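Inspection log for the structure reproduced underneath, given as structure tokens.
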Amino acid sequence: MKEHPQNRFDLSGKTAVVTGAGRGLGQAIATGLAEAGANIVLVTNRTSAEETKSRVEALGRKARIVQVDIADRSKLPSIIDAAVEAFGGLDILVNNAGIIRRTPAAEHAYSDWQEVLDVNLNSVFVLCQMAGELMIEQGYGKIINIASMLSFQGGINVPGYTASKHAVAGLTKALANEWASKGIQVNAIAPGYMTTDNTEALRNDPARSRQILERIPAARWGTDEDLIGPAIFLASNASNYMNGHVLCVDGGWMNR
């Protein structure tokens, strides 16, 4: 008997780790995965994840908060350990946490460059590696990396961020090549221009904000709610034959 179409999106009994889960896109993704049935490990650094935890629990799911600086490689095993200890395993990893530093390239401090790469790229690789080890053993897993429009374009005054997001797209494809045959799907979501803290400077610049909106066919900035459906899709059995894809959720930005 074929699986009912709605059941393909059911995450009941699954365990998901979502980094940067305290607010914004990460909070929305974590809540969305919980709506689909998953228990969630909420990873945050400075931002409290208590509100996200309350949202998850209000849906009848379980949540565990792990507060850790993901730029510190030595702390990353605690994230995977928390999933195993709290829920018995790990089925879904969402690498959402990210930072941005806006400075012209000629003036860009090396410390800013390094910090961005540590958070946006190095932590992603290490978490993928650790999660991948567990997923290979169980023969199943879903990894979703959050890429960007700047995985395809150069941007302005954000050399570190652009480099990191190009690398995230490449890493997604490299891991997909190795792990697709082992029952693990590694894909990425590339959000368009979203109303997040990272884009506040752009939205507060009338000229730049107008230029951005004029290029978006949907004629609006994206919201965190716009990522919930794509995240559930990539975390579920509905995407079992998708490997190494970078899914643009951008209101049509890349079409222009």
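Of the residues making up the stretch 83-102, just one is assigned to a loop (DSSP other than H, G, I, E, B) and open to solvent by less than 10 Å² (accessible area, probe 1.4 Å), namely LEU90.
Yes/no matrix, rows are residues, columns are (1) more than 17 Å from the chain's Cα centre (by Cα); (2) modelled with pLDDT under 95:
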residue	(1), (2)
ALA218	yes, no
TRP221	yes, yes
LEU227	no, no
PHE233	no, no
ASN240	yes, no
ASN243	no, no
VAL249	no, no
GLY252	yes, no
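For the stretch 130-145, the candidate set comprises residues that are charged (D, E, K, R) and open to solvent by 40 Å² or more (accessible area, probe 1.4 Å); within that set, the residue that is farthest from PRO77 (Cα to Cα) is GLU137. Per this entry, GLY132 is counted among residues that are assigned to a helix (DSSP H, G or I) and within 18 Å of the chain's Cα centre (by Cα). The criterion of at least 1 residues that are open to solvent by 50 Å² or more (accessible area, probe 1.4 Å), free of Cβ contacts under 8 Å to residues at least 12 places away in the same chain and more than 19 Å from LYS14 (Cβ to Cβ) is met, among helices (runs of 4 or more DSSP H) falling completely within the stretch 146-244, by 159-179, 200-203, 206-215.
Of the residues making up the stretch 42-71, those that are acidic (Asp, Glu) and in contact (Cβ under 8 Å) with a residue 24 or more places away in the chain are GLU51, ASP69.
For the stretch 48-60, the set of residues classified as buried (at least 18 other Cβ atoms within 10 Å of the Cβ) and touching a Gly at 6+ places or on another chain (Cβ under 8 Å) consists of ALA49, THR52, listed by residue number. Taking each residue of the stretch 21-41 that is among the acidic types (Asp, Glu) and looking for partners that are surrounded by fewer than 24 Cβ atoms within 10 Å (Cβ to Cβ) and at pLDDT 95 or above with beta-carbon atoms closer than 7 Å, six or more apart or interchain, yields GLU35/LEU59. Here the stretch 61-74 is the region considered, the condition is being under 17 Å from ALA21 (Cα atoms) and among the basic types (Lys, Arg), and the residue that is surrounded by the most Cβ atoms within 10 Å (Cβ to Cβ) is ARG61. Only one entry of SER12, SER48, SER78 meets the criterion of being in a helix (DSSP H, G or I) and among the small types (Gly, Ala, Ser), and that entry is SER78. Only residues that are under 21 Å from PRO191 (Cα atoms), in contact with a Lys or Arg (Cβ under 8 Å, 6 or more places away or on another chain) and open to solvent by less than 30 Å² (accessible area, probe 1.4 Å) were counted across the stretch 103-129, and they come to 3. Could you go through the stretch 17-39 and let me know if any residue there is under 23 Å from SER164 (Cα atoms), of a type in the set (Asp, Glu), open to solvent by 30 Å² or more (accessible area, probe 1.4 Å) and out of contact with any strand residue (DSSP E or B) (no Cβ under 7 Å at 6 or more places or on another chain). Among the residues of the stretch 17-39, not one is under 23 Å from SER164 (Cα atoms), of a type in the set (Asp, Glu), open to solvent by 30 Å² or more (accessible area, probe 1.4 Å) and out of contact with any strand residue (DSSP E or B) (no Cβ under 7 Å at 6 or more places or on another chain), which makes the answer no.
The values are calculated or read from the model by the stated rules, or taken from the named source; none is laboratory data. Values in this document were obtained by computation on a predicted structure and should not be read as measured data. Cβ atoms come from the backbone with ideal geometry, glycine included; neighbour counts cover every protein chain shown. Just the protein is used for accessible areas: all its heavy atoms, side chains included, with ligands, DNA and RNA removed. Shrake-Rupley method; radii C 1.70, N 1.55, O 1.52, S 1.80 Å.
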